[in-house]
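Please see the structure below; I have some questions.
The values are calculated or read from the model by the stated rules, or taken from the named source; none is laboratory data. Computed from a prediction, not measured in an experiment: that's the story for all the values here. We place every Cβ from the backbone using ideal geometry, glycine too, and count neighbours over all the protein chains shown. Heads up: the accessible areas ignore ligands, DNA and RNA and are worked out on the full protein's heavy atoms, side chains in. Shrake-Rupley method; radii C 1.70, N 1.55, O 1.52, S 1.80 Å.
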Amino acid sequence: MTVIGFLGTGVGLVVLGIGGVPLDDLVTILPLIPVGLGLGMLFVPVSRAALNATPQALHGRTSAMLSVGRLLGAAVGASLAGVALSGTLTAESVHHALLIGAAVCLLIGIPSSLFLRSGPLGAPPRTRG
């Protein structure tokens, strides 16, 4: 599931990162669909892998750190969107940032999720009881 999430997010960011794609048009919504679906498919498996990798006594701390990271990412994303909308960034710099994000998803995210699936975090989930 995480590979599909990284792939969907990466493909959507690649499409948005292409220089000729307008970022201020309704057409921009179409590439955002796989980005949103991909990110949605990433949250649950990544959270579950993190909780499976920690001892039961540390689940509260791990869950809190996951929440802080998610909220921090949302805050940084919203602030960067505000900077982009203020007109201080050029379309070229936004396209470059989107391509960097796509490269991270495709070149780091997919291989690391495949490694973790077969590595120590890929162990079957613990049953409670």
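Take PHE115, PHE6, PHE43 and sort them by solvent-accessible surface of the protein heavy atoms, 1.4 Å probe, largest at the top. Mind dumping the intermediate values first?
Working: PHE115 125, PHE6 45, PHE43 105 Å².
In descending accessible area the options line up as PHE115, PHE43, PHE6.
So what's the angle, to the nearest 10 degrees on a 0 to 90 scale, between helix 2-17 and the longest Cα principal axis of the chain?
10 degrees
Roughly how tilted is helix 29-53, in degrees to the nearest 10 and between 0 and 90, from the longest Cα axis of the chain?
20 degrees
Same structure again: Quick one: Cα centre-to-centre distance for the stretch 1-61 and the stretch 67-94, in angstrom?
16 Å
Using +1 on the beta carbon of Lys and Arg, -1 on that of Asp and Glu, and nothing else charged, what's the dipole of the chain about the Cα centre, debye to 20? Write out the running numbers ahead of the final one.
Working: 6 positive and 3 negative charges, 169 e Å.
For the chain, the charge dipole is close to 820 debye.
Going by average Cβ neighbours within 10 Å, how do the peptides 73-81, 30-38 rank, with the highest at the top? Mind dumping the intermediate values first?
Details: 73-81: 10.4, 30-38: 16.1.
In descending order of packing, they fall as 30-38, 73-81.
With the cut-off at 1.5 for a/c, could you classify the chain from its C-alpha gyration tensor as rounded, prolate or oblate? All intermediate terms of the calculation are to be shown ahead of the outcome.
Working: a/c = 2.88, a/b = 1.89, b/c = 1.52.
Prolate is the answer for the chain, as a/c is 1.5 or above and a/b outweighs b/c.
Something else now. Divide by every residue of the chain the summed helix terms, -39500 (n - 2.57) for each DSSP H run of at least 4, and state the resulting mean residue ellipticity at 222 nm, rounded to the nearest 500 deg cm²/dmol. It would help to have the intermediate numbers written out before the result.
On the way: 5 runs with 90 residues, N = 129.
Roughly -23500 deg cm²/dmol at 222 nm, from the helical runs in the chain.
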